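Contents: one structure, followed by commentary.
The values are calculated or read from the model by the stated rules, or taken from the named source; none is laboratory data. Predicted model only: the values in this text are computed from it and were never measured. Methodologically, a virtual Cβ is constructed for each residue, glycine included, from the backbone with ideal geometry; neighbour enumeration extends over all protein chains shown.
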Amino acid sequence: LTVLISIPFGILAAVRHNRFTDYLIRFFSFIGNSLPGFFVSLLLIYFFALKLKLFPVMGSGGWKSIVLPTLTLAIAMASKYTRQVRTTVLEEMNKDYVLGARARGVKEPVVLYASVLKSSMLTIITLLALSIGSLLGGTAIVESIFMWDGVGKLAVDSIMMRDYPMIQAYVIWMALIYVLVNLITDLMYHYLDPRIRLEQEV
């Protein structure tokens, strides 16, 4: 959900650079990035659960109970990534190969999605990999607020009850996930960046 939100809005802000759309996206991304996760969760509970009664306040009884925790985690991350995607796309759009493609008459959507976006994905993947730690920590807080029976809530309950074997198992499990994510990131670098493949061949 974070990627689905941040990439389109980041590209749109870069394409509409220094225009109303760009200012609007940057404003909301700044607001979303500034709000702490627990405050966002309380706002979502107040408006969507208590006032509009669209989703349950807490619990894990069906797909509706997933919506508010997912939005809580996605808003902060998508706000940060939208700004990073915008900056990266703007940098790529001013490089020589993009200017050369435009001079040859290549259509703007082709330049944007075939060249600029593929080069920008390296930065986006790096940000996603580096944010795994904060995401796992934020998940524990969000699961505790929404009373969602997940690994994060299990870790918090284990700390409160001083269940040291469970805490150790949680730390080891999270470390394995972090290593696996970084391994997948390196493999994606190899696929997306031809310079890495050329260096290995040399």
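For the reader, a short list of remarks on this structure follows.
- Selection count where residues are within 21 Å of Leu135 (Cα to Cα), touching a Phe, Trp or Tyr at 6+ places or on another chain (Cβ under 8 Å) and among the hydrophobic types (A, V, I, L, M, F, W, C), scope the stretch 8-43: 0
- For the stretch 92-107, residues that are part of a loop (DSSP other than H, G, I, E, B) and either on the phi > 0 side of the Ramachandran plot or exposed (fewer than 12 other Cβ atoms within 10 Å of the Cβ) (or both) total 4.
- Candidate set: the stretch 35-59, residues that are β-branched (Val, Ile, Thr) and either farther than 18 Å from Ser144 by Cα or crowded, with 17+ Cβ neighbours inside 10 Å (or both); chosen: the one farthest from the chain's Cα centre (by Cα): Ile45
- Qualifying residue in the stretch 188-195 (condition: modelled with pLDDT of 80 or more, more than 22 Å from Ser79 (Cβ to Cβ) and assigned to a helix (DSSP H, G or I)): yes
- Filtered residues of the stretch 108-151 (kept if charged (D, E, K, R) and in a helix (DSSP H, G or I)): Glu108, Lys118, Glu143
- Any chance Ile5 is in contact with a Ser or Thr (Cβ under 9 Å, 6 or more places away or on another chain) and closer than 25 Å to Ser119 by Cβ: yes
- Of the criteria (1) in contact (Cβ under 8 Å) with a residue 12 or more places away in the chain; (2) exposed (fewer than 15 other Cβ atoms within 10 Å of the Cβ); (3) among the small types (Gly, Ala, Ser), which one Gly32 fails: (2)
- Those residues of the stretch 2-35 which are of a type in the set (A, V, I, L, M) and assigned to a helix (DSSP H, G or I), in sequence order: Val3, Leu4, Ile5, Ile7, Ile11, Leu12, Ala13, Ala14, Val15, Leu24, Ile25, Ile31
- Of the candidates Leu154, Leu136, Leu130, the single residue that is out of contact with any strand residue (DSSP E or B) (no Cβ under 6 Å at 6 or more places or on another chain) and in contact (Cβ under 8 Å) with a residue 40 or more places away in the chain is Leu136.
- For the stretch 1-15, the candidate set comprises residues that are without any contact (Cβ under 8 Å) to a residue 40 or more places away in the chain and surrounded by fewer than 15 Cβ atoms within 10 Å (Cβ to Cβ); within that set, the residue that is nearest to Glu91 (Cα to Cα) is Pro8.
- Pairs with Cβ under 9 Å, 6+ apart, first in the stretch 37-58 and farther than 20 Å from Ala140 by Cα, second among the charged types (D, E, K, R) and surrounded by fewer than 17 Cβ atoms within 10 Å (Cβ to Cβ): Leu54/Lys64; Phe55/Lys64
- Complete set of residues in the stretch 16-40 that are of a type in the set (A, V, I, L, M) and closer than 21 Å to Leu127 by Cα: Ile25, Ile31, Leu35
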